[in-house]
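Notes to accompany the following structure.
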Amino acid sequence: MYLQNGEDKTGKLLFQTVYVFFGKYILISFFVFILAGCLSGQRPPVRISPELDKRIYQIPPLPVTVGLYIEPELHDFVQKVPLKRYDPATPYYVFPDFVFPVGESLASRIKDMSKILFHKVIQIDNPQDKEYLKREALDGILSIGLKNSDIDIYIDISVWRAIGRHNLSIIASFSDPHLNEIWKSEIAVEGKGFDFATSKVEREWWATTGPNFAPAVDDAIQKLVYELAQSIVASIEISDYVYKRNVFD
């Protein structure tokens, strides 16, 4: 009886020792993995998830079928951004560059916006393929290209605040099916975002994984897509063209 109780206690103690040892081992390995990633320059891309401005849904769609051409340089654009330090007293954090897949998210939101703004949208890969354009019976072609993307990120350590700014601009044009340009415009916006560390745990995470700078890019993309939609519907050239296309064709 006593021997059995002693064996039970010994077994429980051994189990607890093994559990604590492996628990600490896994936890330490996890932090070493994160730190090793930071030191080796391996960082997963920043998760960008901008939403469409709700005002876009209130715009009446234009009664035309449009081919949407997004230049590959925009669609595939990825920006690597170093963390800046403006204050010499700021502790040094070993961060690799932050990787922002700007183009993929921007292109996706432009496609979503176009489906709302036009009666029908057909994505095209080559606006010079005139046979394809004729076969699709398009009323016009909306082309979008990237002009500039400038992301600025830094930490204000005095209040444990991460600050991001994103200056983003595109060149947009609207042409008839024969590629005669009807309208062209440059659209530029500035996005801003903040991330706060309000506890010791969050500050420790900052020291290994870095703050969240995605809100600045999300803000810029949301503003840009809305401004693009506004510019299209406000264009007298496009309005006149759509009117003539529906009245005379």
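Each reported figure results from applying straightforward, stated rules to the coordinates on display, with no laboratory input. In this text the structure is predicted, and so the values were computed from the model without any measurement. Because the Cβ atoms are built from the backbone with ideal geometry, glycine has one as well, and the counts that use them run over all protein chains shown.
Structure summary
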quantity	calculated
Cβ-based exposure ranking for Leu74, Leu52, in which fewest neighbours within 10 Å come first	Leu52, Leu74
Diffusion coefficient, µm² s⁻¹, Stokes-Einstein with Kirkwood Rh over alpha-carbon pairs of segment 95-154 at 37 °C and 0.692 mPa s	229 µm²/s
Filter on Lys84/Lys192; Lys130/Lys223; Lys111/Lys147; Lys54/Lys147; Lys115/Lys223 - keep pairs with C-alpha separation over 22 Å	Lys130/Lys223; Lys54/Lys147
